[in-house]
Ligand SMILES: Cc1cc2nc3c(=O)[nH]c(=O)nc-3n(C[C@H](O)[C@H](O)[C@H](O)COP(=O)(O)O)c2cc1C
């Protein structure tokens, strides 16, 4: 075992003027689907120090158009579908990446999937002025990624990985004054990891994250931490920050592991997917009950007009699997349905507005009295109304009569109970239905690499 160098004596690569220092940070991992803007805002709300966006493939970003959403001020990178879209529908731009500069400023790391220095540089230039760092994914084991030479395939082509990092440092990091970092996995032979990391830290990067699993390891397998001290030491000798990843389940645990292994930061993925309040220290209240977390999440989704399919994806992770709301949430086709099913009546006006913006209001089975005029044109009032719509109508009628919401349920106080990680998650203790039953095991395997097209309608502004 090597002795960690005392922090006072380590060299430090200077932090670029517009970049971030990765040291002493508990951070949200890059996660395709689970790392979209509302999830990142949720993690930040609960105390994440930095957030990584989901891996975005270089080619998907090159040529993207940057626009500001006038309703909420978010930056949207969009592009028209390359196949021209469906002939029976107006072609709409897809949102490739969305940033909330007001709330993510100083804390957002953009992660890229790439296997080509030129494409990496071209893509990074598109977002560099709007993010605080650029990270290269060199750990994704999925064929989608590795077949194109990206992700974990780069661990086997270190010359290429080094050339990508050097190009990014010189062509993007330096002119934009932001840091470049890389996320790798351990190799099965410690000497091979040592050789690789020794090369990577000399490329000019400011941070290196190590996912403590080898490429063939599945997420269910426990992370292996016996190479961590060696990796941290190599990073420190070069002045590069080292972030550990793999089975970190909370802020407090991350801080303890940082001390134990001499690393500079800790990154959380699946535990944040299960309960994003894992970023809150015990001293500050610790993990929040799922209902509160889902409520906050939905608020962010509505604020940023998140694509419904993506909202439901993470919501289904956040709601314990055996819960009645879990089953109902899966069926919802509109934000209005979701808010009604979960009893978040105060979010109904925003839900209706966003349903309109996202062209979902025609899926309302009936139209609440206060819905915008256009919604009434689309929908007839059927005899059998859904529970959600009935609630909405009752509530809206009560509001119109000056009585406020007919059924106003703020997120109730619940006992703390952060589901640890999805594969071992335990039930919440005082939820309404089926709380005693264990959450099912993961049914959705992690997807480490996909292009992040949000496939969202372009809203007339
Ligand atoms: C849904 C999901 C999506 C992921 N997407 C990415 C990704 O885009 N880029 C990446 O480097 N890793 C990705 N990962 C891997 C995580 O960032 C992390 O390395 C891994 O889950 C181990 O951390 P954990 O033990 O805290 O879950 C993803 C993981 C999950 C569960």
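The values are calculated or read from the model by the stated rules, or taken from the named source; none is laboratory data. Worth saying up front: this structure is predicted, and the values here are computed from it rather than measured. Every residue, glycine as well, gets a Cβ built from its backbone with ideal geometry; the counts of neighbours run over all protein chains shown.
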Practice prompt. Return yes when residue 213 is surrounded by fewer than 24 Cβ atoms within 10 Å (Cβ to Cβ) and within 16 Å of the ligand (Cβ to nearest atom) and no when it is not.
Written response: yes
Discussion item. Here is a check on your reading of the model: is residue 160 buried (at least 24 other Cβ atoms within 10 Å of the Cβ) and part of a helix (DSSP H, G or I)?
Written reply: no
Practice prompt. For the range 159-197, enumerate the residues that are under 24 Å from the mean Cα position of the chain (by Cα) and closer than 26 Å to residue 218 by Cβ.
Written response: 181, 182, 183, 184, 185, 186
Worksheet item: Are there any pairs, at least 6 apart or on different chains, whose C-beta atoms fall under 7 Å, with the first in the range 62-91 and farther than 24 Å from residue 303 by Cα and the second at pLDDT 95 or above and surrounded by 15 or more Cβ atoms within 10 Å (Cβ to Cβ), and if so, which?
Response: 62/119; 62/122; 62/123; 62/126
Discussion item. Which count do you get for residues in the range 242-256 that are assigned to a helix (DSSP H, G or I) and buried (at least 22 other Cβ atoms within 10 Å of the Cβ)?
Written reply: 2
Fill in: Among residues of the range 109-118, those that are within 20 Å of residue 184 (Cα to Cα) and more than 16 Å from the ligand (Cβ to nearest atom), counted
2
Discussion item. Looking at 312, 299, 327, 333 in this structure, which one is touching a residue at least 40 places away in the same chain (Cβ under 8 Å) and surrounded by fewer than 22 Cβ atoms within 10 Å (Cβ to Cβ)?
Written reply: 299
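For (1) modelled with pLDDT of 95 or more; (2) under 16 Å from residue 182 (Cα atoms); (3) under 17 Å from the mean Cα position of the chain (by Cα); (4) within 16 Å of the ligand (Cβ to nearest atom), each residue gets a yes or a no:
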| residue | (1), (2), (3), (4) |
| --- | --- |
| 44 | yes, no, yes, no |
| 80 | no, no, no, no |
| 95 | yes, no, yes, no |
| 125 | yes, no, no, no |
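Quick one: is residue 208 assigned to a helix (DSSP H, G or I), within 24 Å of residue 18 (Cβ to Cβ), more than 12 Å from the ligand (Cβ to nearest atom) and at pLDDT 95 or above?
When the stated conditions are applied, residue 208 does not pass them.
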Discussion item. Could you check the range 21-39 and list, in sequence order, the residues that are closer than 18 Å to residue 209 by Cα, away from the ligand (no atom under 11 Å from the Cβ) and either outside the structural domain of residue 247 (by TED's automatic domain parsing) or surrounded by 24 or more Cβ atoms within 10 Å (Cβ to Cβ) (or both)?
Written reply: 22, 26
Worksheet item: Of all helices (runs of 4 or more DSSP H) completely enclosed by the range 266-340, which ones contain at least 3 residues that are within 14 Å of the ligand (Cβ to nearest atom) and touching a helix residue (DSSP H, G or I) at 6+ places or on another chain (Cβ under 8 Å)?
Response: 270-274, 308-318
Worksheet item: In the range 220-240, which residue that is touching a helix residue (DSSP H, G or I) at 6+ places or on another chain (Cβ under 7 Å) and touching a residue at least 60 places away in the same chain (Cβ under 8 Å) is farthest from residue 21 (Cα to Cα)?
Response: 220
Worksheet item: What number goes with the only condition from (1) more than 28 Å from residue 159 (Cα to Cα); (2) within 16 Å of the ligand (Cβ to nearest atom) that residue 75 does not pass?
Response: (2)
